Each structure stands twice: as structure tokens, then as C-alpha cells.
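Okay, structure first, notes after.
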Amino acid sequence: MTDLSPAEDYAADAGPQATSHRRARIPDAKPNGWTAAALTLAVLATALAIAAWFNPLHRPPHFSGQQTADAKSAVCQAYTVVCQSVITNTHLGNPAPNDPVGELAIAVNARLALLGGGAFLTNRLAAQPATPADLSTAITAMISTLEELGNGYLAGTGSTLDPLRHTLDDQMTELNRLCS
């Protein structure tokens with residue numbers, strides 16, 4: 001009796017053809033480069049998924065009371081400037097009646113106040129992420145109304161904009177309350 005392992009004993013009983021045939025079926029145990037890369041990528045993806053699960057990036061930021069107060073003050077100051085600009089430039093009268101150049105200058109100033117005011121408020125609001133939600137919502141609504149009015153006047157649809165003008169008045173009343 002010889003000291004053969006069970007696999008060697010089986011191969012010896014099966015003969016030389018079975019041994020070579022049997023060896024051909026055994027897969028190569030060494031991983032190739034693609035297998036190693038895929039395994040590395042799978043481990044990395046799993047680690048990132050676990051990290052994201054326990055530390056979500058979309059958590060709302062927490063601001064201190066002072067940061068919120070500072071943001072409110074900055075946004076309300078910007079609103080006050082825009083409000084004054086819009087009121088002044090949309091209620092101007094032509095100093096020289098029946099002067100078409102004067103009429104055009106007044107119309108241009110009104111449009112500039114509306115569109116420029118919307119852009120100014122958009123930038124100021126974006127720069128103040130600690131702005132209270134109610135103020136941010138009201139400012140965003142006013143921005144939309146300013147842009148609609150300005151573009152409506154540019155498109156020559158001024159006669160259909162009365163509902164928007166009333167909406168703007170209501171929004172200014174609300175913002176005056178929020179900023180006081």
C-alpha cells in the first residue's frame with residue numbers, strides 16, 4: 001500500500017487519460033488582473049455605500065441664531081433697496097408730456113428696476129443660506145413676480161399685467177411684515 005492522497009488514489013485508479021482530463025477541468029486558482037480589479041471596485045463601492053448610509057450628505061445645515069439673524073438682516077436690507085427702486089421707477093411721470101423719448105426712458109427705468117431688482121434679490125438670497133424659511137419663500141415669490149412683470153413689459157403685454165401688479169403689492173406687504 002502506498003501513501004497516496006484520496007485524489008491521487010482516484011487518479012491512479014482511473015488511469016493516465018483520466019488524470020490529464022481531470023486536470024483540465026480544474027480552474028486556475030490564481031485571480032487574473034480583471035478579477036482583482038472587480039473585487040477591489042466591489043469592496044470600494046460597498047464601503048462608500050455604508051459610509052453614505054450612516055453619514056447622509058443631504059442633511060439640512062444647522063445655523064446658529066446669530067447666523068439666522070444676520071442673514072435675515074442682509075436679505076431684508078436688499079429687499080428694502082429693491083422695494084424702493086421698484087416703487088420709485090414704476091411710478092415716475094414724464095416731466096415733458098407727450099415727449100416719446102421721456103416716455104421710453106421712464107419705461108426702461110421701470111423694466112430695469114423690475115428685472116435688476118429680481119436679479120439682485122436672487123444673488124443676495126443665494127449668498128445667505130441661513131435666511132429663515134418663511135422669508136426665503138416670500139423673497140423667492142417676489143423675485144418670480146418681478147421677473148414676470150419685467151418680461152411682460154418688455155414683451156409689450158403691459159395691459160394684461162394688472163393681476164401681477166396686485167400680487168406684487170401683496171408680496172411687498174408680507175415682506176414688510178416679515179422684515180419689521
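Assuming 0.36 nm per residue, please report the length gained on full extension of the stretch THR160 to THR80 beyond their Cα-Cα distance. Before the final figure, lay out the partial values.
Details: separation 80, 0.36 × 80 = 28.80 nm, distance 2.68 nm.
Here the segment from THR160 to THR80 would lengthen by 26.1 nm.
What order, most packed first, do the peptides 36-48, 165-177 have when packing is the mean number of other Cβ atoms within 10 Å of each residue?
On the way: 36-48: 10.2, 165-177: 14.7.
Per-residue Cβ counts within 10 Å, averaged per peptide and sorted highest first, yield 165-177, 36-48.
Can you give me the convex hull volume of the Cα atoms of region 114-157, divided per residue and expressed in Å³?
On the way: hull volume 1.9 nm³, N = 44.
Dividing the Cα hull volume of region 114-157 by its residues yields 44 Å³.
Post the alpha-carbon centroid distance, region 62-78 to region 115-167, in whole angstrom.
Their Cα centres are 20 Å away from one another.
Under a point spin-label approximation (7 Å from Cα along Cα-to-Cβ), what is the LEU112-ASN32 distance to one decimal in nm?
Going from the LEU112 label point to the ASN32 one covers 7.1 nm.
Between ASP169 and GLN67, what is the label-to-label distance in nm when each label sits 7 Å out along the Cα-to-Cβ direction?
Each label point is offset 7 Å from its Cα along the Cβ direction, giving 4.0 nm.
Over region 94-180, what number does the Rg to Rh ratio reach, with both radii from the alpha-carbon atoms and Rh per Kirkwood? Working shown, then result.
Numbers: Rg = 14.9 Å, Rh = 14.1 Å.
Dividing the radius of gyration by the Kirkwood radius yields 1.06.
Under a point spin-label approximation (7 Å from Cα along Cα-to-Cβ), what is the LEU44-ILE87 distance to one decimal in nm?
With each label placed 7 Å out from Cα toward Cβ, I get 6.0 nm.
Can you put GLU103, GLU147 in order of Cβ neighbours within 10 angstrom, beginning with the fewest? If you can, show how the numbers build up before the last one.
Working: GLU103 13, GLU147 17.
The most exposed by this proxy come first: GLU103, GLU147.
Each value in this text was obtained by applying a stated rule to the coordinates, not by laboratory testing. Since the model is a prediction, treat every value here as computed from it, not as a measurement. Every residue, glycine as well, gets a Cβ built from its backbone with ideal geometry; the counts of neighbours run over all protein chains shown.
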